[in-house]
């Protein structure tokens with residue numbers, strides 16, 4: 001016989017729904033620990049964050065200021081470009097060092113990633129322009145005119 005009003009009865013259904021989930025929920029507090037203290041992801045960073053502290057830098061404030069002005073990627077890119085330029089000045093026989101070849105491969109991979117990223121950004125711009133063209137033609141004309149000037153330079 002099914003109960004129609006109280007889910008805590010011993011019947012197997014309540015208003016046509018099975019009661020076993022209610023039985024689990026009634027016991028859930030007893031299954032949880034009485035005292036739980038746990039740090040969430042201690043020492044982890046999320047995304048492209050780099051944690052600069054006194055433990056890994058003699059001057060974290062200075063390093064944060066430098067990174068705010070020039071990202072690690074920009075710094076490494078300039079170093080890679082400078083080293084590649086120095087390698088190009090070596091005699092061809094000395095340029096065959098495997099470490100130099102690996103650096104050139106890294107530089108090529110970075111260039112391809114930058115190209116793909118730029119293409120994705122431009123695809124988004126094209127989609128935004130199309131949206132603007134259909135929703136605000138005057139603003140589209142203004143932006144399109146600025147882009148034409150830039151593209152013609």
### Query
Are any of the residues in region 94-115 surrounded by 12 or more Cβ atoms within 10 Å (Cβ to Cβ), under 22 Å from the mean Cα position of the chain (by Cα) and outside any helix (DSSP H, G or I)?
no
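How many of the residues making up region 43-90 are outside any helix (DSSP H, G or I) and either modelled with pLDDT of 80 or more or on the phi < 0 side of the Ramachandran plot (or both)?
Residues in region 43-90 being outside any helix (DSSP H, G or I) and either modelled with pLDDT of 80 or more or on the phi < 0 side of the Ramachandran plot (or both): 19 in total.
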### Query
What number goes with the only condition from (1) under 30 Å from residue 65 (Cβ atoms); (2) at pLDDT below 95 that residue 103 does not pass?
(2)
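The values are calculated or read from the model by the stated rules, or taken from the named source; none is laboratory data. Quick caveat, the model's predicted, so the values are computed rather than measured. Neighbour counts are summed over all protein chains in view; Cβ atoms, including those assigned to glycine, are modelled from backbone coordinates with ideal geometry.
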